[in-house]
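Bear in mind these aren't lab numbers, they're just calculated from the coordinates by the rules spelled out. If you're wondering where the values come from, they're calculated on a predicted model, not measured in any experiment. Here the Cβ is made from the backbone with ideal geometry for all residues, glycine too, and neighbour counts use every protein chain on show.
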Amino acid sequence: MIDFLLTSEAIMALLTLTFLEIILGIDNIVFISIAANKLPEHQQSKATTIGLLLAMVQRIILLFFVSFLISLKDPFYTIEWTWLHIAISWQAIILFGGGLFLIYKSTSEIHEKVEAPKHDETALEGKKIKTLSHAIVQIMLIDFIFSIDSILTAVGMTNGLHSNHNYNLVLMIIAVVISIIVMIGFANPIRRFINEHPSMQLLGLAFLILIGFMLITEAAHLSHTKFFGNTVGAIPKGYLYFAIAFSLFVEFLSFRIERKKKR
């Protein structure tokens, strides 16, 4: 286990996944803050911390469930036509459905942030929250919605890293725990940074589109899909790491240029 976690591929996956989990968690922090701010001041910090800790537990439970489905590799139905061959398994269905969901969710989130950035926040602000327990329930419901793309991203980044799914599961859990701890400790600074540089969140959503496409191709590869005799290959994750690292480097240069202009 330790040998696997210390490999360069596992470390890259962990760093990238933790970064994406934090970026994806920004909206979650905003909505949790809105829910907590409706409570008396002495309960707000408590509601935020409890809400994020319960969110972490919720995500870990979902990871176990999704990882179990991913482990079901054996095909239960085969499509055999003259021009198409697919051996359908639960693993392929989860990856394919997850890829479609990430692409849809990311494109709709990008559209909403450009066209109506405060729509969801306004809707949440209109809801009444009177007690701490009510706020925590509201936070849990909010986090469940945000957990889906978070879990699918984790699966996309770690699937295939190791033949033992338990190793990949441990890596996903570590990334989720680190991201939640960072969000608890640095929620307000992170939120201010994203507000000053909204392109970072758009960049994270763009990465999700890449991950979604990668999940779809991986589902096709694992189900031994053939179109007109041509086998669909999986996209090496190194390409994704390079795209993310290069994009972040360009964004970093953009920050430096903006700072120099302000000075």
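What distance in nm separates the two pseudo spin-label positions at Phe186 and Phe101, each 7 Å out from Cα along the beta-carbon direction?
Spacing of the two 7 Å Cα→Cβ label points: 2.8 nm.
Per residue of the chain, what 222 nm ellipticity follows from adding -39500 (n - 2.57) for every DSSP H run with n ≥ 4, rounded to the nearest 500?
Computed mean residue ellipticity for the chain: -27500 deg cm²/dmol.
Under a 5 Å amide H to amide H cut-off, with H placed in plane at 1.01 Å, what residues pair with Ile235 once short-range neighbours are removed?
Glu218
Which FRET efficiency value, to the nearest 0.05, do you get for Ile11 and Asn230 by plugging their Cβ-Cβ distance into 1/(1 + (r/R0)^6) with R0 = 45 Å?
My answer for the efficiency is 0.85.
With springs only between Cα atoms under 10 Å apart, run a GNM on the chain and tell me which of Leu248, Leu63, Leu203 wobbles the most.
Looking only at Leu248, Leu63, Leu203, the largest GNM fluctuation is found for Leu248.
Among Ile139, Ile174, Ile2, rank each residue by its count of other Cβ atoms within 10 Å, from fewest to most, as a rough exposure measure.
Result, fewest neighbours first: Ile2, Ile174, Ile139.
Using only the alpha carbons of the range 1-73, determine the length spanned along each of the three principal axes and report them from longest to shortest in whole angstroms.
Sorted largest first, the three principal extents are 48, 27, 20 Å.
Two decimals is fine: what's Rg over Rh for the chain, C-alpha atoms, Kirkwood radius as Rh?
Rounded to two decimals, Rg/Rh equals 1.01.
At a Förster radius of 22 Å, what calculated FRET efficiency corresponds to the Cβ-Cβ distance of Ile178 and Ile148, to the nearest 0.05?
0.65
Counting other Cβ atoms within 10 Å, which chymotrypsin sites (Phe, Trp or Tyr not before Pro) in the range 1-110 have at most 14 and lie in a DSSP loop?
Phe76, Trp81, Trp83
Count neighbours as other Cβ atoms within 10 Å of each site's Cβ, and list the trypsin sites (Lys or Arg not before Pro) in the range 24-99 that are DSSP loop with at most 15 such neighbours.
Here the sparse-neighbourhood loop sites are Lys73.
In nm, to one decimal, how far is the Ile93 label point from the Glu258 one, both placed 7 Å along Cα→Cβ?
4.4
In the chain, which whole DSSP H runs stretch at least 27 Å along their own axis (Cα) and average 1.0 or higher on the Kyte-Doolittle scale?
8-36, 41-70, 132-158, 165-196, 199-222
Contour minus end-to-end for Gln43 and Val114, with contour as 0.36 nm per residue of separation and end-to-end as the Cα-Cα distance?
22.2 nm
Say each of Leu53 and Glu80 gets a label point 7 Å from the Cα, pointing the same way as Cα to Cβ; how far apart are those two points in nm?
5.6
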